[in-house]
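The values are calculated or read from the model by the stated rules, or taken from the named source; none is laboratory data. It should be emphasised that the depicted structure is a prediction, and the values quoted were computed from it without experimental measurement. Counting neighbours? That spans all protein chains shown, and the Cβs are built from the backbone with ideal geometry, glycine included.
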Amino acid sequence: MVGALLALYREAAGYTQRSLGEVFSISEQQIASIEQGRRPLKSDLAEKLDDLLKTKGALSLAVSKMPEVDLIPLWAEEYLDREREAIAISVYDSLAVPGQLQTEAYARAVFRSRVPVYDDDEIEQLVATRMERQKILHRKMPPTTSFVIWEAVLRDRLGGKAVYVEQVRKLRDYADVPGVTLQVLPLGRASHAGLDGPFVLLETPEHQRLAYMETQRGSHLIADPDGVGILTQKYAMLRTQALNTEDTRDLLDRLLGER
């Protein structure tokens, strides 16, 4: 409904999807996604649209009345939408193997660990979605990707020994994939730039830089340049603190040898 309202007001004001996007330096595809209900209209953009289209706050009001139960899934959906089109992805994770690199069994163990629990059908649907998401790394023109994983994740045994071995082997395989940079942040360091938790950095085809973080109660997609800039600095520091790619491969080989 919000997307349909935007389309109605846009056309009444004489804008095409392309010309409206150009006003705010966003793509025609993003406007189309909002109007078709595939991407949520964020409150800050809604306010700007209300001013431009002279809609007297109608879009901002519509966004504010979205049921709270829908807001968290929509944030995640917007992130996945942005991830699919990203030209560069950087991921720091200290809690689990990043979703883009998980095996089916490991992903299943992650979702089975949730409290409150998912039922079996929900788990299988989530696992299938996660496996589908990994196809972006195997496109003809994949994004440039960088992963920094805290060693504590690799010392865990989520899902049991067999799941662990399969997961470490998959990480070792990805360590040799062109365009994928995998680094492990070792235990025992005297400094650690990622103590505030995991996050993801994205670069869109329009070279907009975004950040994404998940919490116990939801998730946040950050477009504010200052917020993205701070996380970019943290990621740069994490890469200097992590093992280089060659030493990371050696560590994964040792872990496989210790199994």
- Message: Can you tell me which residue is farthest from the chain's Cα centre (by Cα) among those in the range 5-21 that are in a helix (DSSP H, G or I) and hydroxyl-bearing (S, T, Y)?
- Response: Y9
- Note on the structure: Of the residues in the range 135-145, those that are crowded, with 18+ Cβ neighbours inside 10 Å and not in a loop (DSSP other than H, G, I, E, B) number 1
- All positions within the range 197-223 that are touching a strand residue (DSSP E or B) at 6+ places or on another chain (Cβ under 9 Å) and not in a strand (DSSP E or B): G197, P198, T204, Q208, A223
- Query: Do you know which residues across the range 116-139 are β-branched (V, I, T) and over 17 Å from the mean Cα position of the chain (by Cα)?
  - Reply: V117, I123
- So which residues in the range 22-37 are under 23 Å from the mean Cα position of the chain (by Cα) and surrounded by 14 or more Cβ atoms within 10 Å (Cβ to Cβ)? I26, S27, E28, Q29, Q30, I31, A32, S33, I34, E35
- Task: Find the residue count for the range 30-43, including only residues that are of a type outside the set (V, I, T), without any contact (Cβ under 8 Å) to a residue 40 or more places away in the chain and part of a helix (DSSP H, G or I).
- Result: 4
- Message: Being surrounded by 14 or more Cβ atoms within 10 Å (Cβ to Cβ) and in the same structural domain as P142 (by TED's automatic domain parsing): is that true of Y92 here?
- Response: yes
- Query: In this structure, does Q167 turn out to be in a strand (DSSP E or B), touching a residue at least 60 places away in the same chain (Cβ under 8 Å) and either outside the structural domain of Q30 (by TED's automatic domain parsing) or surrounded by fewer than 17 Cβ atoms within 10 Å (Cβ to Cβ) (or both)?
  - Reply: no
- Note on the structure: Among L95, L80, the single one that is part of a loop (DSSP other than H, G, I, E, B) and under 25 Å from L238 (Cβ atoms) is L95
- Task: Please find, among V184, V177, the residue that is among the aliphatic types (A, V, I, L, M), more than 17 Å from the chain's Cα centre (by Cα) and under 24 Å from E85 (Cβ atoms).
- Result: V177
- Say whether the condition of being farther than 22 Å from R82 by Cα, over 15 Å from the mean Cα position of the chain (by Cα) and buried (at least 18 other Cβ atoms within 10 Å of the Cβ) is met by at least one residue in the range 189-210. yes
- Note on the structure: Picking from P116, P205, P178, the residue that is of a type outside the set (K, R) and in contact with an Asp or Glu (Cβ under 8 Å, 6 or more places away or on another chain) would be P205
